[in-house]
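Notes to accompany the following structure.
Every number in this text was worked out from the coordinates using simple rules, so none of it is lab data. Note that the coordinates shown come from a computational prediction; the quantities given were computed from them, not determined experimentally. Quick reminder, even Gly has a Cβ in these numbers, built from the backbone with ideal geometry, and neighbours come from all protein chains shown.
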Amino acid sequence: MIFQSKSRQKQRRSYFQSLAPETFLQICTYLSPIELLSLSKVCKQFYNDLSIVETSTTITKIWQQSRHKFMPYRILGPPKGMNERDYIRLLIEEKCLFCGKKSRTSKIYWDIGVRACISCFKKRTTTGYQLFCSDPTACKILRFIPYTKAKNGTKTYWKFLIKSKINEYNSLFEKDRFEWFCQQSKQVESIECELASRWHEDYINKLK
């Protein structure tokens, strides 16, 4: 029975692989995001066909329309620099980007566009108070870094973002720092507006 089952699976896979590209894409337009992700894992050909979102507007539309149809509460599109396929993976898959483990307690952190488990989140973040105790001069940089909230509501910051921003600040001449402050203020204001919208969608999603 096991061999028969494997044989049938091979026959079905062979059948789908022999479909004309237009027919295959037409079938894909009826699939949910989860089904599209599953289909992309069937074989290398399907993976390649459904992964060319950077160069194919047709494939991008298939992922996008699937999200709109089956995930109507996700109105916002992908964050800057992320394609539709990766966006859907971020929304659906519960795998932590850092340790690679699946966890139902994993969460999307929109400030850096990743999903992480609680353990990895704690290792890679710090609070304003913790930073003040370890490096008081670095605290003036925090207002230019998007924050995320821990479960207790505390503003929390990714350590690598703090380090990057401090290095950027220290590389400037004194005369250029005022202009840099102004630019960073506008930038973080825009980012935090987007974060508020995504947090709202997350909240709506939990109610579904």
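Things to note:
- For region 21-27, the Karplus equation 6.51 cos²θ - 1.76 cosθ + 1.60, evaluated at θ = phi - 60°, returns couplings of x, 5, 5, 4, 5, 5, 4 Hz by residue, with Gly and Pro reported as x.
- Remark: region 131-136, residue by residue, has Karplus-estimated 3J(HN,Hα) of 5, 4, 5, 9, 8, x Hz, where x stands for each Gly or Pro and the curve is 6.51 cos²θ - 1.76 cosθ + 1.60 at θ = phi - 60°.
- Loop-located chymotrypsin sites (Phe, Trp or Tyr not before Pro) across region 27-57 with a Cβ neighbour count of 12 or fewer within 10 Å are TYR30, with loop assigned by DSSP.
- For the pair ASN170 and ASN48 in one chain, pulling the backbone fully straight at 0.36 nm per residue adds 39.6 nm over the alpha carbon distance.
- Region 83-173 - percent relative contact order, Cα under 8 Å, separation 6 or more: 19
- Computed over the chain: relative contact order in percent, which uses C-alpha pairs under 8 Å that are six or more apart: 13
- Directionally averaged projected area (convex hull, Cα atoms, region 95-180), nm²: 6.3
- GLU35/LYS155 FRET efficiency (R0 35 Å; Cβ-Cβ; nearest 0.05): 0.35
- From the C-alpha gyration tensor of region 50-152, square roots of 5λ in Å: 32, 16, 12
- Applying a threshold of 27 Å to the alpha-carbon distances of LYS163/LYS206; LYS80/LYS122; LYS102/LYS159; LYS41/LYS149 flags LYS163/LYS206; LYS41/LYS149 as lying beyond it.
- Structure-derived P(r) over Cα pairs in 5 Å bins from 0, in percent: which label, when the choices are (i) 1, 8, 18, 22, 22, 18, 8, 2, 0, 0; (ii) 1, 7, 15, 19, 19, 15, 11, 7, 4, 2, 1, 0; (iii) 1, 6, 12, 14, 15, 13, 11, 9, 7, 5, 3, 2, 1, 0, 0, 0: (iii)
- Cα-based helix-to-principal-axis angle, 159-170 vs the chain, degrees rounded to 10: 50
- With a Förster radius of 45 Å applied to the C-beta separation of LYS61 and TYR129, the computed FRET efficiency comes to 0.45.
- Backbone phi angles across region 102-108, fed through the Karplus curve with coefficients 6.51, -1.76 and 1.60 (θ = phi - 60°), yield HN-Hα couplings of 7, 8, 5, 8, 5, 9, 8 Hz in residue order; Gly and Pro are listed as x.
- Ratio Rg/Rh [Cα only; Rh per Kirkwood] for region 74-116: 0.95
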